[in-house]
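Okay, structure first, notes after.
What follows is calculated from the coordinates using simple rules that are stated; it is not laboratory data. It should be emphasised that the depicted structure is a prediction, and the values quoted were computed from it without experimental measurement. Counting neighbours? That spans all protein chains shown, and the Cβs are built from the backbone with ideal geometry, glycine included.
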Amino acid sequence: MHEAAARNGITARFGLDFPSFALDVDLVLPARGVTAIFGPSGSGKTTVLRCVAGLERATTGFLAYDGQVWQDEARRVFVPTHRRPIGVVFQEASLFQHLSVMGNLKYGMTRAGLSPEQAGLDAIVALLGIEHLLARGTKTLSGGERQRIAIARALLRRPRLLLMDEPLAALDLKRKSEILPYLERLHDELDIPILYVSHAPEEVARLADHLVLMDGGKVIAQGPLSETMGRLDLASRFADDVSVVLPVTIGAHDDDDLTRLDFASGAIVVGRRPEPVGRKLRCRIRARDVSLSLGNHADMSIVNILPATVTALGETPVPGHILVETALSGGERLVARITKRSSTQLGIRPGVPVYAQVKAVALFGE
């Protein structure tokens, strides 16, 4: 039976058998923002991306983007990779060593039949901060610089969909820190959707709007990041890095070198931030950085204390601990990781009012 092509989104159904692995996924993804495909090695993340790119042909498959069908095995429809309006960035930048940086960029434009003006060369070069690299040879570039060139080359094809397969996996921590702000710029400034494969919760928290969680070739869960990343039933998938991501706004800077972050349930205070008042950010709060008490103790060094209500309890891979989901007054959720002994002593159970004490936060661009 012919399947309708979804408009304003991505519909993907892939079935593919390998000798030691089977892929069986059914996805409906938004047509804007960053969708992270997250999971352990061997879960099928990259295979899904290759199927979307047309580099792998699913035995049973259907793929449509914005009303256009790229694959429908029931009707023997398969649009080859070179005819799909996509840009692809792999773990390795795979730049041409005999060409300069500008030569590599021109190659991307030429393959797409575009002039520098049509491809938006100047804007993309500025977006990725590579103006000073254009005359350089690729052998002299750092890993982070090479990936920025690879991203620019992919964007100069004017794709309608950008696919990124663990683009930071081959980089050390310093290089990852250098390139992540540029990936945040892509999130903020590109109008096209991005499918971003990763096994790193930190990258997912910083970049994703929508999350697809995979394991064993199947989709375990999918949905908005704010609803999916902190789910207690998925905690084991994130090992000891369970967290929630909240949208916040810079509310004020005070004379004590502190910045107030506002959100629906109140505010938290962090060290002074460089962003202006009114700037929207995303705030990641790890379960291990949240403790609970039954009273609002003012005689503590922790300044961020929020009234909440316990909504659920869950398991954690950390021995002797449990996860406690709480609801704040504005509807946001926080998850705390506390010892089982503390849970018993405090009488923690659904419905109990508590105070969530936030010891640390991580802030990223919106």
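Here are a few things to note about the model shown:
- The chain: translational diffusion in µm²/s, Stokes-Einstein, Kirkwood Rh over Cα pairs, 37 °C, 0.692 mPa s: 147
- Percent antiparallel among DSSP beta bridges (both partners in the chain, rounded to 5): 80
- Contact order relative to length of the chain, as percent, for alpha carbon pairs under 8 angstrom and 6 or more apart: 16
- Net charge contributed by nearby residues that have their C-beta within less than 15 Å of Lys45 (K/R +1, D/E -1): -3
- Taken over the alpha carbons of segment 243-365 as equal point scatterers, the Debye sum produces base-10 log I(q)/I(0) values at 0.14, 0.17, 0.18, 0.23 Å⁻¹ of -0.59, -0.84, -0.93, -1.35.
- Charge dipole (debye, nearest 20) of segment 232-319; +1 at Cβ of Lys and Arg, -1 at Cβ of Asp and Glu: 360
- Neighbours of Ala126 by Cβ distance under 11 Å: Lys/Arg scored +1, Asp/Glu scored -1, total -2.
- All-pairs Cα distance distribution in segment 1-140, expressed in whole percent, bin size 10 Å: 10, 32, 30, 22, 6, 0
- With 5 Å bins from 0: P(r) over segment 114-222, alpha-carbon pairs, percent: 2, 10, 22, 23, 18, 13, 6, 3, 2, 0
- Local electrostatic count at Thr326 - Lys and Arg +1, Asp and Glu -1, tallied over other residues with Cβ under 11 Å: -1
- Full-extension gain in nm, Val28 to Leu234, via 0.36 nm per residue minus C-alpha separation: 72.2 nm
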